[in-house]
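The block underneath contains the structure these notes are about, expressed in structure tokens.
The values are calculated or read from the model by the stated rules, or taken from the named source; none is laboratory data. All of these numbers come straight from a predicted model, not from anything done at the bench. Please note: Cβ atoms are built from the backbone with ideal geometry, for glycine as well, and neighbour counts cover all protein chains shown. What goes into the accessible areas is simple: the full protein's heavy atoms, side chains included, and nothing from ligands, DNA or RNA. Shrake-Rupley method; radii C 1.70, N 1.55, O 1.52, S 1.80 Å.
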Amino acid sequence: LATAKKHHKSGTLQSSNNPPHTSDRSPFRIKNYSLTGLDCPSDCSSFLIQKSQSAQMQRPSPRSARGKRPLGLAKESDLRKRKTAKVSATQPPKEKLLRRRLGRAKACGLSGPPESARFGNLPVQDVADFPSNEICQELESMVERGRWPGFAACAFVGRGEKLDTCALTCARGKADMQLNSRMGFDTICRLYSMTKAFVGLGIAKLADRGRLALDDPAWWHLPEPVATRFREMRVLVEGKPKPVPAASPITLRQLLTHTSGMGSDIATGLDALTRKRGPWEALYQDLTEAVDEGRVQSLAAFVEALSELPLWQHPGKEFYYSYGYDVLGYILEHKSGLKLNEFLKKEIFLPLGMHDTGFFVQRRDTKRLAQLYRHTKATRFGSTGTKAELCTVKNGFLAGQHCRVLSGGGCVSSRDGGLTSTLRDYSKFLVAVFNKGAIPGSNKRLCSKRAAELMLTNHCAEVAGCRRTGEPRICAHNRRGVGLNLMGEVQLDRCEPDKNCLWFDGVPGLVQWGGAATTFYKYQEVNGKPLLLILFAQVLPQDDGRTCSAAFQRMRAWAESETASRKRKLA
């Protein structure tokens, strides 16, 4: 009886509505949490539930302990208060308890508690008639066909102007087929070109603070000797033996839209089978080899070497995928006095709680880093030569093995570079930006509304103006009807869709971007409802986007049908 009373007073026996603090020896219990569809083996989930149930059965019930109080205890309220205070002082603080539970969940392969009830800082809820199963099946077909080893995806919707609900989280397949590790929401993936959006936000925040303007010449914000070289930039002209002076200086907006006249080399380790070096890529080949061989080991050294090379076109004349975001990353370093990784951590990662995002992966997180694969039948990559299969690609993102040049564009070597992140982390970033800078669930902001609007503006139209028809004179990828903001591509009114509805589906208003290792996102407001789909896989070469577009089309059809049914009810 005394033992039961002691448990009852210390709070170790409480109702399920008020879960007690747990010690290191207490069972990990899941409250109000569904294991369905999570990255958790069925044997693991059943073990946790059985352990929790058995532990609860072994504990004495507080009701069974009721009865006559022992003499001498009926009026010792002061003694009870002192005992209760002593017990609660030994219990772990709430934050430590949550971290402990999350650690146990990750150790068991779960993706979840306590953050599982929220994803992208938004509540996870069932949304009526949302096509969750259809979207998961669409994506899972790529795993079943052997095209992807695994994937993690999530979808967000909004009932008003902002995203307010996570309607889907789905993870299938393997992160590493050799280790038989599952793909999950906390699996660390390589972002490559999806690194650019973070640098774009950094520039937008400095512009909002009055530290720079997008139409400023870039050399205004660069240190010497790079500033002088950018001020006196020269251009290669076909038919002339020597480069000629540039018609105008490179601006920050031109760097943001790849219209600076600068180019870039191809990453032979990423897309060697889909692209070949042309005359303009060959201009940067020596620079790529210098990074691979370790002769260039910092972003400052890279931009300094880049500034010695001529442009292939006069600034502001044409789109050409470039090292522009690497130059912008160096400008962030110079303006802030911080290294690029430190600047992004201070301005973006810490405010959002993105603890698994960085330019390399710590040794302690090695097992969480997804293996990179190449889907190929080429024998030089380890395949049989007869049938396309998934072949492993050497890993260069671990601490000590990573690319020393912190690439704001995603990759300046032949294979490695840019940020690594998790689906859980990256979703927080996208939700905050598309919600006009507001961080859901708090009174804090990632950036001002003005900076967020700057992120989502089509800047191609600002570079060279528009034609009489209203179309921008310069389009992203030199493709009609495709603009470019600081988050990625924007489909405009006259966007030409791909045949068979691949990456570009031609629907105006769609914002999208992707990374070389098959990481994508698509965002659009449909009848006033914001929709966001994010997908992480780790496969080369970059997927053609057909599956991602088909999945997003299901979300778009759902939003349109819901709006139509609501109108019928009102009528």
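Scanning the stretch 140-182 for residues that are within 18 Å of the chain's Cα centre (by Cα) and open to solvent by less than 30 Å² (accessible area, probe 1.4 Å) yields a total of 16.
Inside the stretch 397-414, can you point out the residues that are more than 15 Å from Tyr323 (Cα to Cα), in contact with a helix residue (DSSP H, G or I) (Cβ under 9 Å, 6 or more places away or on another chain) and in a loop (DSSP other than H, G, I, E, B)? Give the steps one after another, and end with the answer.
Keep residues of the stretch 397-414 that are more than 15 Å from Tyr323 (Cα to Cα), which gives 397-404.
Now narrow it down to the ones that are in contact with a helix residue (DSSP H, G or I) (Cβ under 9 Å, 6 or more places away or on another chain): 398-400, 403-404.
Scanning the stretch 397-414 gives Ala399, Gly400, Cys403, Arg404.
Taking only the stretch 365-393 into account, find how many residues are of a type in the set (Lys, Arg) and under 24 Å from the mean Cα position of the chain (by Cα). Working first, answer last.
First pass over the stretch 365-393, keeping only residues of a type in the set (Lys, Arg): 367-368, 374, 377, 380, 387.
Those left that are additionally under 24 Å from the mean Cα position of the chain (by Cα): 367-368, 374.
Residues meeting the conditions: 3.
Would it be correct to say that Gly470 is at pLDDT below 90, surrounded by fewer than 20 Cβ atoms within 10 Å (Cβ to Cβ) and among the small types (Gly, Ala, Ser)?
Values: at pLDDT below 90: yes; surrounded by fewer than 20 Cβ atoms within 10 Å (Cβ to Cβ): yes; among the small types (Gly, Ala, Ser): yes.
Answer is yes for this residue.
Of everything in the stretch 383-397 that is at pLDDT 85 or above and touching a strand residue (DSSP E or B) at 6+ places or on another chain (Cβ under 9 Å), the residue that is nearest to Arg295 (Cα to Cα) is Phe397. If you go through the stretch 116-139 and pick out every residue that is of a type outside the set (A, V, I, L, M), under 18 Å from the mean Cα position of the chain (by Cα) and surrounded by 18 or more Cβ atoms within 10 Å (Cβ to Cβ), you end up with 4. Here Asp265, Asp286 are screened, and the one residue that is in a loop (DSSP other than H, G, I, E, B) and modelled with pLDDT of 80 or more is Asp265. Test Lys394 against the criterion of being closer than 18 Å to Gln542 by Cα and assigned to a loop (DSSP other than H, G, I, E, B), and give yes or no. Answer is yes for this residue.
Can you name the residue in the stretch 486-513 that is assigned to a loop (DSSP other than H, G, I, E, B) and in contact (Cβ under 8 Å) with a residue 60 or more places away in the chain and is also nearest to Asp544 (Cα to Cα) among such residues?
Going residue by residue through the stretch 486-513, those that are assigned to a loop (DSSP other than H, G, I, E, B) are 486-488, 492-510.
From what's left, in contact (Cβ under 8 Å) with a residue 60 or more places away in the chain: 486-488.
Working: Leu486: 22, Met487: 19, Gly488: 16 Å.
My answer is Gly488.
Identify, by number, the condition in (1) open to solvent by 20 Å² or more (accessible area, probe 1.4 Å); (2) farther than 21 Å from Trp220 by Cα that His314 doesn't meet. Result: His314 fails condition (2) only. Selection within the stretch 341-392: residues that are free of Cβ contacts under 8 Å to residues at least 40 places away in the same chain, closer than 22 Å to Ala516 by Cβ and hydroxyl-bearing (Ser, Thr, Tyr). The member of this set that is most open to solvent (accessible area, probe 1.4 Å) is Thr366. Filtering the stretch 264-286 for residues that are closer than 15 Å to Val226 by Cβ and more than 29 Å from the chain's Cα centre (by Cα) leaves an empty set.
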